[in-house]
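Worksheet: the structure to be examined is printed underneath.
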Amino acid sequence: MNCERVRDLLSAYLDDQLSAPERQSVTTHLASCADCRGILAEYHHFDALLSQLPRISPSPTLHTKIFTSPRYLKLEFELERGLQRPQVVAEITHNQDISFAILLLLIGFSTLLLLRHQRHHKHTQ
Ligand SMILES: [Zn+2]
């Protein structure tokens, strides 16, 4: 198994998602390839960093707060009455500018990660 194939499988290897023969091939390759071992170590490092991030979940009272808020009740009232385009919907439309900016940031960040990965990939071939 060559480096390129091994690197495609490293993430699955780390997550123990490979078939037994694939896993064995990757293990054999890693024993003799310092470059691929280095990449696996990076993956381990990123996994460790990610696991340190706090898990955020909404408080149990959030649901109640939202669905009993005057704003939500007004929206529900307007929708039930069949009134045209509740104000909240108009505000959400306005907020699309912000969503778009966040989306652009995410795409930029992903591209940076991808480029970094590819550069590393080329560098080690
Ligand atoms: Zn290799």
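Among the residues of region 22-32, how many are more than 10 Å from the ligand (Cβ to nearest atom) and either exposed (fewer than 15 other Cβ atoms within 10 Å of the Cβ) or touching a residue at least 24 places away in the same chain (Cβ under 8 Å) (or both)?
Residues in region 22-32 being more than 10 Å from the ligand (Cβ to nearest atom) and either exposed (fewer than 15 other Cβ atoms within 10 Å of the Cβ) or touching a residue at least 24 places away in the same chain (Cβ under 8 Å) (or both): 5 in total.
Every residue in region 1-21 that is more than 8 Å from the ligand (Cβ to nearest atom), surrounded by 16 or more Cβ atoms within 10 Å (Cβ to Cβ) and under 17 Å from Arg116 (Cβ atoms), please.
Passing the criteria: only Leu10.
Inside region 26-82, can you point out the residues that are more than 17 Å from Leu14 (Cβ to Cβ) and small (Gly, Ala, Ser)?
Ser32, Ala34, Ser57, Ser59, Ser69, Gly82
Of all residues in region 69-85, which are of a type outside the set (A, V, I, L, M) and surrounded by 10 or more Cβ atoms within 10 Å (Cβ to Cβ)?
Kept after step one, since they are of a type outside the set (A, V, I, L, M), are these residues of region 69-85: 69-72, 74, 76-78, 80-82, 84-85.
Within region 69-85, Ser69, Arg71, Tyr72, Lys74, Glu76, Phe77, Glu78 qualify.
Out of the residues in region 33-66 that are over 30 Å from Arg7 (Cα atoms) and surrounded by 10 or more Cβ atoms within 10 Å (Cβ to Cβ), state the one that is nearest to the ligand (Cβ to nearest atom). So that I can check it myself, show each step before the final result.
Looking only at region 33-66, we keep the residues that are over 30 Å from Arg7 (Cα atoms), and these are 56-66.
With the extra rule that they be surrounded by 10 or more Cβ atoms within 10 Å (Cβ to Cβ), the set shrinks to 62-66.
Numbers: Leu62: 48, His63: 50, Thr64: 54, Lys65: 53, Ile66: 51 Å.
Restricting to residues being over 30 Å from Arg7 (Cα atoms) and surrounded by 10 or more Cβ atoms within 10 Å (Cβ to Cβ), the top hit is Leu62.
Every number here is computed from the coordinates shown, using simple stated rules; none is lab data. Values in this document were obtained by computation on a predicted structure and should not be read as measured data. Cβ: placed from backbone, ideal geometry, glycine included. Neighbour counts: every protein chain shown.
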